[in-house]
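Input: a single structure, listed below in structure tokens.
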Amino acid sequence: MSAKFILAIDQGTTSSRALIYDNNLKVVGQAHETFAQHFPKADWVEHDLEEIWVSVRNSVQRCVDSIKGTGFDPRKIAAIAITNQRETFGLWDRNSLKPKGRAIVWQCRRSQEICLRLRKSGASRKLQKITGLVTDPYFSGTKLNWVFENNKNLLKEAKQGQICFGTIDTFLIAKLTGGRNHVTDTTNASRTMFMDLKTGAWSRAALKILGIPPEILPEIRPSDACFGETRGLGFLPDGIPLVGVLGDQQAALFGQNCFAQGEGKVTYGTGAFFLLNIGPKPKSVKSGLTTVAWQLGKKRTYALEGSVFIAGAAVQFLRDGLKLIGTSKEIENLALSVVD
């Protein structure tokens, strides 16, 4: 039976989506599912990793089921690709994959005081030189530091190698492979504050500054690597390779064909993000972000990034928080009703 389809999983901040493409890159099936946002305190944002996994599983199942009558067979899926919300991370048991608490979302600001402390000590300058990132709660590093400062038992388990750290791609790969693979790609790794931007490897200096045990980190692989194969899922056959992983904004840059230095994109989702392809060498930007755009084989391409946290999330707040609108699409007519 010839393999002719690609399954793409897009795991976002508010929903998960599955799409199936045929060999002409035409979308032949798609499904999505939202999941809960948790706000335990002001400026705190959390997700439940199991809820994320259920939303991904259900989206894939419904996507597959929606086209079964057309002659499609899941055994014809040649590969699975993943794109994901980036800096959101979780911790889970290495053997059972059971989460160690909720995931902490990229929007969460709980580590603001730690960032201020790092800036006052001068460590933030060293971190930016290593990672290309400004010291801000946006990235995973200071929030994981916060977790370990506030939970010494977790830190002990981490040092003993009993738990795994990962961004959402890493967690999904672990679930899809039946726990066999603890891996991430270069783009997601570059958003943690742990990766050396020039070498593409974990930086022991950055880990030491942030107090992170290296035992918990996944293996970094190129964006076009094989990240494992499906195993024991039930809703998909065993043996489908996971090939192609990118953080969502880097995936958008790639998807818009911004392959030449100087080309860029802006996308508007939960937030709004501008990425500019700067070519094969990272550039130091005093007040900005330098990140990995993608890594194909041994060749890395870099990007400059500007981020606005609230874009579509403002529409969601008008709908769900203030209840000024009933559906998101109502905002367009309201916007068009004013002169400027």
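The values are calculated or read from the model by the stated rules, or taken from the named source; none is laboratory data. If you're wondering where the values come from, they're calculated on a predicted model, not measured in any experiment. All Cβ positions, even for glycine, are placed from backbone atoms using ideal geometry, and neighbour counts span all protein chains on display. The accessibility values were calculated without ligands, DNA or RNA, using every heavy atom of the protein model including side chains. Shrake-Rupley method; radii C 1.70, N 1.55, O 1.52, S 1.80 Å.
Find the eigenvalues of the gyration tensor of the Cα atoms of the stretch 76-195, then list the square roots of 5 times those eigenvalues as equivalent ellipsoid semi-axes, largest first, in whole angstrom.
26, 18, 11
Could you state the accessible area per residue of the stretch 282-340 in Å², with a 1.4 Å probe and every protein chain left in place?
67 Å²
Per DSSP H run of at least 4 residues, take -39500 (n - 2.57); add these up for the chain, divide by its residues and hand me the 222 nm value, nearest 500 deg cm²/dmol.
Values: 11 runs with 96 residues, N = 340.
The helix-only estimate for the chain comes to -8000 deg cm²/dmol at 222 nm.
Leaving out ligands, DNA and RNA, what percent of the accessible area of the stretch 232-313 is carbon and sulfur, probe 1.4 Å?
That fraction is 58 percent.
Of all DSSP beta bridges located in the chain, what percent are antiparallel, nearest 5? Please report the intermediate quantities before stating the final value.
Numbers: 45 of 59 bridges.
About 75 percent, rounded to the nearest 5.
Leaving out ligands, DNA and RNA, what percent of the accessible area of the stretch 118-223 is carbon and sulfur, probe 1.4 Å?
Summing carbon and sulfur atoms, their accessible area is 47 percent of the total for the stretch 118-223.
Mind running the shape call on the stretch 143-286? Use the C-alpha gyration tensor, a ≥ b ≥ c as the square roots of the eigenvalues: rounded below 1.5 for a/c, prolate if a/b tops b/c, oblate otherwise.
Oblate, because a/c is 1.5 or more while a/b does not exceed b/c.
Enter the accessible area per residue of the stretch 109-151 (Å², integer; probe 1.4 Å; all protein chains in place).
Result: 44 Å² of accessible area for each residue.
Of Val64, Val27, Val105, which has the largest mean-square fluctuation in a 10 Å C-alpha GNM of the chain?
Val27
Apply the Karplus parameterisation 6.51 cos²θ - 1.76 cosθ + 1.60, with θ equal to phi minus 60°, to every residue of the stretch 4-21 and state each ³J(HN,Hα) to the nearest whole Hz, in sequence, with x for glycine and proline.
For the stretch 4-21, the Karplus curve yields 10, 10, 10, 9, 10, 10, 10, 9, x, 6, 10, 7, 10, 9, 10, 9, 10, 10 Hz.
Using a ≥ b ≥ c from the Cα gyration tensor of the stretch 1-146 (square roots of the eigenvalues), is it rounded, prolate or oblate, where a/c under 1.5 gives rounded and otherwise the larger of a/b and b/c decides, a/b for prolate? Provide the component values of the computation, followed by the final result.
Working: a/c = 3.00, a/b = 2.20, b/c = 1.36.
Prolate shape, in that a/c is at least 1.5 and a/b is the bigger ratio.
To the nearest whole percent, what portion of all C-alpha pairs in the chain is separated by more than 29 angstrom? Don't skip to the end; give the middle numbers.
Details: 22394 of 57630 pairs.
That tail contains 39 percent of the Cα-Cα pairs.
How would you classify the stretch 230-340 from its alpha-carbon gyration tensor, with a ≥ b ≥ c the square roots of the eigenvalues: rounded for a/c under 1.5, else prolate if a/b is greater than b/c, otherwise oblate? Numbers along the way, then the final one.
Numbers: a/c = 2.77, a/b = 1.29, b/c = 2.14.
Oblate, since a/c reaches 1.5 and b/c is not below a/b.
For a quick check, take a GNM of the chain with Cα springs below 10 Å and name the residue from Gly297, Gly141, Gly244 with the largest mean-square fluctuation.
With Cα springs under 10 Å in the chain, the top fluctuation among Gly297, Gly141, Gly244 is at Gly297.
Quick check: Cα centre of the stretch 178-213 to Cα centre of the stretch 148-164, how many Å?
Result: 17 Å between the Cα centres.
Using θ = phi - 60° and the Karplus relation 6.51 cos²θ - 1.76 cosθ + 1.60, list the HN-Hα couplings for the stretch 293-299 in order, rounded to whole Hz, with x at every Gly or Pro.
Result, ordered by residue: 6, 5, 10, 10, x, 8, 9 Hz.
Could you please tell me the mean projected area of the C-alpha convex hull for the stretch 52-110, averaged over all directions and given in square nanometres to one decimal?
Here the figure is 5.9 nm², rounded to one decimal.
Tell me the chymotrypsin sites (Phe, Trp or Tyr not before Pro) within the stretch 208-309 that lie in a loop according to DSSP and have at most 14 other beta-carbon atoms within 10 Å.
Those satisfying the criteria are Phe235, Phe259, Phe309.
Return the inverse of the average 1/r over all pairs of distinct C-alpha atoms in the stretch 104-145, which is the Kirkwood hydrodynamic radius, in Å to one decimal.
Values: mean 1/r = 0.0984 Å⁻¹.
Taking every pair of different Cα atoms in the stretch 104-145, averaging 1/r and inverting gives 10.2 Å.
So, with +1 on the Cβ of K and R and -1 on the Cβ of D and E, and no other charges, what is the size of the charge dipole of the stretch 131-231 about its Cα centre, to the nearest 20 debye?
260 debye
Select from Thr70, Thr14, Thr184 the residue whose mean-square fluctuation is largest in a Gaussian network model of the chain (Cα-Cα springs shorter than 10 Å).
Thr70
Amide H neighbours of Glu263 under 5 Å, at least 5 residues apart or on other chains, H built in the peptide plane: list them.
Correct list: Asn277.
Which longest uninterrupted range of the chain lacks any trypsin sites (Lys or Arg not before Pro) assigned by DSSP to a loop state (not H, G, I, E or B) and surrounded by at most 10 other Cβ atoms within 10 Å?
42-285
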